[in-house]
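Have a look at the structure below before the remarks.
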Amino acid sequence: MSIIAAENLRSTIDNIVENTPVTDIHTHLYTPCFGNLLLWGIDELLTYHYLVAETFRWKNLSYDEYWKMTKRQQADLIWQTLFIENSPISEATRGVLTVLDKLGLDTSTRDLAAYRAYFDSMTSAEYIDKVFEVANVDRLVMTNNPFDPEERPIWFDGYQADPRFMAALRIDNLLLDWPNAHKSLQEWGYEVTVELNETTLAEVRRFLTEWLVRQDALYMAASLPPTFAMPDNSPCGVLIEQAVLPVSRETNKPFAMMIGVKKLINPNLKLAGDGVGLSQIESVEYLCAKYPQNKFLVTMLQRENQHSLNVAARKFRNLMVFGCWWFLNIPSLIEEMTRMRLELLGTAVIPQHSDARVLDQLIYKWDHSRRIIANVLNDKYTDLMETGWQITERELARDIKKLFSGNFFEFLEKEL
């Protein structure tokens, strides 16, 4: 066994973290067969909703005026506002520069036209290969919504599988908008009514099972508001306990809950208009305790929920904590959350996911997160060494592989 000397610990961690491929367990990315749903390139990076919201902090223009602009006009405005008139020190703006730098483009020129020419020179398929290589991501999980009128038809005619892109069945519409969701199910041939009787619930279970098979989905997922509470007699609560969880058990697929988003607190900003709220850990505890044969992947959006979520994970082995979601995906909070998780849960966590909506974001989100994770690991293994415990390079590589992919697939009970 190769024992790591204390003076070599940092360089060894950096090397392993940098060279260990990642499985990104939650993204909003797609294969090229989904057409315009796959977002990539400099204009998509610049018009990502984080940067839209930042731009309105500076610009006194009407929302309608902005939304009437073309994509390129919006990108020009954001570039001028956030990168030229102001220094790009926010995480979202720095991320754009990290992408350009990692692709070998010269950020010092500030030449937006040259950056556009670079992306225009490639096809989406070529660029996917490039991004996976630069980000050192070997696989990712998409978000696949059967209620999306643009996405749904592809699954029946035109889907082309890529082993790097795995599916997750997204069921927000089903849980949070049952009055409209049941009408869609009726149109698709399911014998459902707005009343959640036994026939309707059986048909919902059939719908979920068929789509899990059609997509070969790894898990079911929903983004839930801070007011989400269980047990609950609302359509959401009934559907979870009497449709989602039975199917989850039968298929051995986890139910992923992303809890804490307040939708459209500023509707004028559209996708950029969502907020965050404090959620109830008791709902997660209830589900984990009542349904020990079910598996739950959980991330929460409010910083103040993180400690209680980690404590819950100590108590329930059917709960896997994952990622630093959305507004938590900034360096200071990634570091705080990673430290807390390792100190409470050891390596039995999934420390990060990208939540990327633009393909290019895989590059900067994983570059930034790898550095932070390496910093935290260095401190934790230094603490360990100070007790006299010896660490081998093989053990270190084992632990980091678990954090970056192994824990996820072990939780799924699937081969890597």
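No value in this document is a laboratory result; all are computed from the given coordinates. Note that the structure is predicted; figures quoted are calculated from it, not measured. All Cβ positions, even for glycine, are placed from backbone atoms using ideal geometry, and neighbour counts span all protein chains on display.
Numbers below:
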item	result
Helix-only mean residue ellipticity at 222 nm for the chain, each DSSP H run of n ≥ 4 adding -39500 (n - 2.57), per residue, nearest 500	-14000 deg cm²/dmol
Contact order relative to length of the chain, as percent, for alpha carbon pairs under 8 angstrom and 6 or more apart	22 percent
Ile281, Ile171 arranged by Cβ crowding within 10 Å, fewest neighbours leading	Ile281, Ile171
Residue pairs, from the table Lys263/Lys414; Lys102/Lys295; Lys71/Lys102, whose Cα atoms sit over 26 Å apart	Lys263/Lys414; Lys102/Lys295
Mean projected area (nm²) of the alpha-carbon convex hull when the stretch 303-416 is viewed from all directions	8.0 nm²
Local electrostatic count, Ala167, Cβ distance below 10 Å [Lys/Arg +1, Asp/Glu -1]	+1
Distance from the stretch 393-414 to the stretch 46-65 (C-alpha centre basis), Å	40 Å
Hull volume in cubic angstrom per residue (convex hull over the Cα atoms of the stretch 1-142)	159 Å³
Among beta bridges that DSSP assigns inside the chain, antiparallel share in %, nearest 5	10 percent
Counted charge near Phe34, where neighbours are those whose Cβ lies closer than 15 Å (Asp, Glu -1; Lys, Arg +1)	-1
Ranked packing of 381-394, 340-353, 41-54, most packed first, by mean Cβ within 10 Å	41-54, 340-353, 381-394
FRET E, pair Lys68, Glu18, Förster distance 30 Å, beta-carbon r, rounded to 0.05	0.10
Summed side-chain charge close to Leu416 - residues other than Leu416 whose Cβ falls under 12 Å, Lys, Arg +1, Asp, Glu -1	0
For the stretch 6-412, projected area of the alpha-carbon convex hull averaged over all directions, nm²	20.8 nm²
Among 140-153, 84-97, the order from most to least packed when residues are scored by Cβ within 10 Å on average	140-153, 84-97
